[in-house]
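Student: Input: one structure, supplied below.
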Amino acid sequence: MNIREQLDQHISVALSQALQELDLEGEFSAIVKQAGRPEFGDYQANGIMGAAKHNRTNPRELAETVLRFINLEEMVDNLEVAGPGFINIHLRSDYLADRLTLMLHDERLGIEPLIPKTVVIDYSSPNLAKEMHIGHLRSTAIGDAIARTLEFLGHNVIRANHMGDWGAQFGSLLAYMDQLSNDADGLSRGLSDLELFYQEASAQFREDPVFAQRAREFVVKLQGGDPKCINLWNQFIKESVSHCQSIYDALNISLTPDDIYGESFYNEFLSEVISDLSSAGLLTESDGAQCVFLDEFKGKDGAPLPAIIRKSDGGYPYMATDLAAVKYRSQTLKADSAYYFVDARQSLHLRQLFAVARAAGYISTAQDFRHLPNGTIMGEDGRPFKTRTGGAVKLADVLTEAKSRAFDLVSTKNAELDQQSRKSIADVVGIGAVKYAELSKNRTSDYIFNWDAMLSFEGNTAPYLLYAVTRIFSIFRRAGVEPSQLTGAIVLSEPAEKSLAIKLVQFPEAINSVVTDCLPNLLCNYLFELSGQFMSFYETCPVLKTEDKTRASRLLLCVVTANTLGKGLELLGIETVEQM
Ligand code: ARG
């Protein structure tokens, strides 16, 4: 149990004892939260007022009675009734110091072991018939942060990159490859610029009816397993996957080729889906297509809205593959949960998917299959972010620009550093800035892509946080100490030390809040606040200019802070630097 939960449990028990003593009724929770302002203590219990209201009694009096039943000496040094009936909770400094000492020697930073669950995380999942663009940043960065965090907590995480590597969109690509393969190195030259390749293939599809017909035939051949066709397809997928992998590597995303469970992977299970749905009595034929109609889905006009499982031409659409994936995740991977990090614009598709899957008995009530939608990245004009000519903004270009802008930033900040060091720092800062800008926004909202904001040293940004980390490392350097070798005891006497300590021991609570609704921005907020507390500590409490015991204690506080910031950034998939 983290501190908040412990306080909540204790005070909830005291509340029910107080209610009994006063002959009042009902079951209420203490509702302990982190206090919003220092004058309200470190935590605050807000649930007493509800209990009083229910019993039509004076909340302050009830709170006073609750106080008599609270027995928290080892954690708390002062409790007071405040306002209309809150209880303000002030933690003991020695208790905080003990917690910090435990954190110091604990790789899990005070997070207790839990019962591991198997969690499938469907994220990134680009369509391979296009180059990765800025829109892919959202699911990719957020899904990865959640995967890392759940893994850190001790869960069994299965990363599932549901790449769009199959289906009709490959017809024109394969036909175009086939055409290029007449010329010995035409094909490899063509594939060396994937984006151009896509454009040329689709242009020819639009303009040349003979080519378009061939493209359609290629789709049929591909689905029929024609060897020549499969061979071309394999070549294409290999190029395209390696393009994605280079983006993942550059972005420090933990996905590897082993995590690819693309649409083609489910090909062999598609006919099973049809027979399952048919034996469950769910399939209806409509205009030659096999559909599932569920009452809860209606179109705009109120007409029933089908989930199409097999098209009239025999092809299997997105829904069919996704159903096969649900079955696989549920029955083969034995997922307790499956999180789908997918754009909000696919909400209807995913609602239908889960509803059909439940109707088919693929998901039991104990399994938690969820869509975790994300909003859109906007340009400065408030419309979805596009290039000046209206094209998709390539992720590869964004990363190149981020590094180059960060290089300028690092060069102004620290002109004395040699060029090579500035470059390697800039790479970390640039990539970190793009990722952090993404992760620090609420997953569900749209946000405006803004270079100046993400590369600022002020505010909740990567440069600010990375700079805070370098500050701590510079203390260690100047002290000539190795952080892991430090000894001594932590003693908290100054208010700034105590505030920093409280923020530090709240790390488990922050992590908990992140995984509850899969919101990495809550971890960003925590790290930003922690850096702020560290900066105030650093300004008011000299570290190196003090005597033995205080110096040792403050250095240890720096170590816990460095470890916590470092771990938090690692869970976000953001690298750090020792100087900048
Ligand atoms: N490939 C899809 C797209 O680019 C996203 C897939 C999301 N995952 C899923 N299981 N449907 O739109």
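Student: Along the charge dipole of the chain, which of 428, 496, 114 sits closest to the positive end, that is, farthest toward it, with unit charges on the beta carbon of Lys, Arg, Asp and Glu (+1, +1, -1, -1)?
Tutor: 428
Student: Net charge near residue 481: determine it from the other residues with C-beta under 13 Å of the C-beta of residue 481, scoring Lys and Arg +1 and Asp and Glu -1.
Tutor: Residues near residue 481 contribute +3 overall.
Student: So which trypsin sites (Lys or Arg not before Pro) in segment 353-400 are both in a DSSP loop and have at most 11 other Cβ atoms within 10 Å of their Cβ?
Tutor: Filter output for segment 353-400: 388.
Student: With the contact rule set at Cα under 8 Å and sequence spacing of 6 or more, what percent relative contact order holds for the chain?
Tutor: 15 percent
Student: Going by Cα centres, segment 242-312 and segment 436-515 are how many Å apart?
Tutor: Computed from Cα coordinates, the inter-centre distance equals 42 Å.
Student: Of 72, 449, 280, which is farthest on the positive side of the dipole of the chain, counting Cα position, with +1 on Lys and Arg Cβ, -1 on Asp and Glu Cβ, and the Cα centre as origin?
Tutor: 449
Student: Filter the trypsin sites (Lys or Arg not before Pro) in segment 23-91 down to the DSSP loop ones having no more than 16 other Cβ atoms within 10 Å, then list what survives. Provide the component values of the computation, followed by the final result.
Tutor: Working: sites: 33, 53, 56, 60, 68; in loops: 56.
Of the trypsin sites (Lys or Arg not before Pro), the ones in loops of segment 23-91 whose Cβ has at most 16 other Cβ atoms within 10 Å are 56.
Student: Suppose the chain between residue 345 and residue 493 were pulled fully straight at 0.36 nm per residue; how much longer would it get relative to their current alpha carbon spacing?
Tutor: 48.0 nm
Student: Then there's this: Rounded to the nearest 0.05, what FRET efficiency do residue 370 and residue 453 have when you use their Cβ-Cβ distance and R0 = 41 Å?
Tutor: 0.85
Student: Taking the Cα centre of the chain as origin, work out the dipole magnitude from +1 charges on Lys and Arg Cβ and -1 charges on Asp and Glu Cβ, in debye rounded to 20. Please list the in-between numbers first.
Tutor: Details: 55 positive and 76 negative charges, 99 e Å.
Approximately 480 debye in magnitude.
Student: Per residue of the chain, what 222 nm ellipticity follows from adding -39500 (n - 2.57) for every DSSP H run with n ≥ 4, rounded to the nearest 500? List each step's numbers first, then the result.
Tutor: Working: 21 runs with 301 residues, N = 580.
Rounded to the nearest 500, it is -17000 deg cm²/dmol.
Student: Something else about it: Taking R0 as 51 Å, what FRET efficiency do you get between residue 419 and residue 208 from their Cβ-Cβ distance, rounded to the nearest 0.05?
Tutor: Once rounded, the FRET efficiency stands at 0.50.
Student: For segment 186-334, what's the relative contact order in percent, using C-alpha pairs closer than 8 Å and at least 6 residues apart?
Tutor: Numbers: 98 pairs, mean separation 18.6, N = 149.
Value for segment 186-334: 12 percent.
Student: Which lysines, on any chain, are close to residue 300 with Cα under 23 Å apart, when same-chain ones fewer than 8 places away are left out?
Tutor: Within reach: 311.
Student: Also, quick follow-up: Which GluC sites (Glu not before Pro) from segment 519-568 combine a DSSP loop assignment with at most 13 other Cβ atoms within 10 Å? Intermediate results must be reported in sequence, preceding the final value.
Tutor: Working: sites: 529, 539, 547; in loops: 547.
Taking segment 519-568 and a limit of 13 other Cβ atoms within 10 Å, the loop GluC sites (Glu not before Pro) found are 547.
Student: Which stretch or stretches of segment 446-460 have amide N atoms under 18 Å from the point lying 7 Å from residue 388's Cα along the Cα→Cβ direction?
Tutor: Counting backbone N atoms under 18 Å from the label point, the list is 450-452.
Student: Students often forget the sequence filter, so: which lysines lie under 19 Å Cα-Cα from residue 435 once same-chain residues fewer than 8 apart are removed?
Tutor: Result set, ordered by chain and number: 386, 394, 403, 423, 567.
Here, each number is a calculation from the coordinates, and none is a lab measurement. Just so you know, these numbers come straight off a predicted model, no measurement behind them. Please note: Cβ atoms are built from the backbone with ideal geometry, for glycine as well, and neighbour counts cover all protein chains shown.
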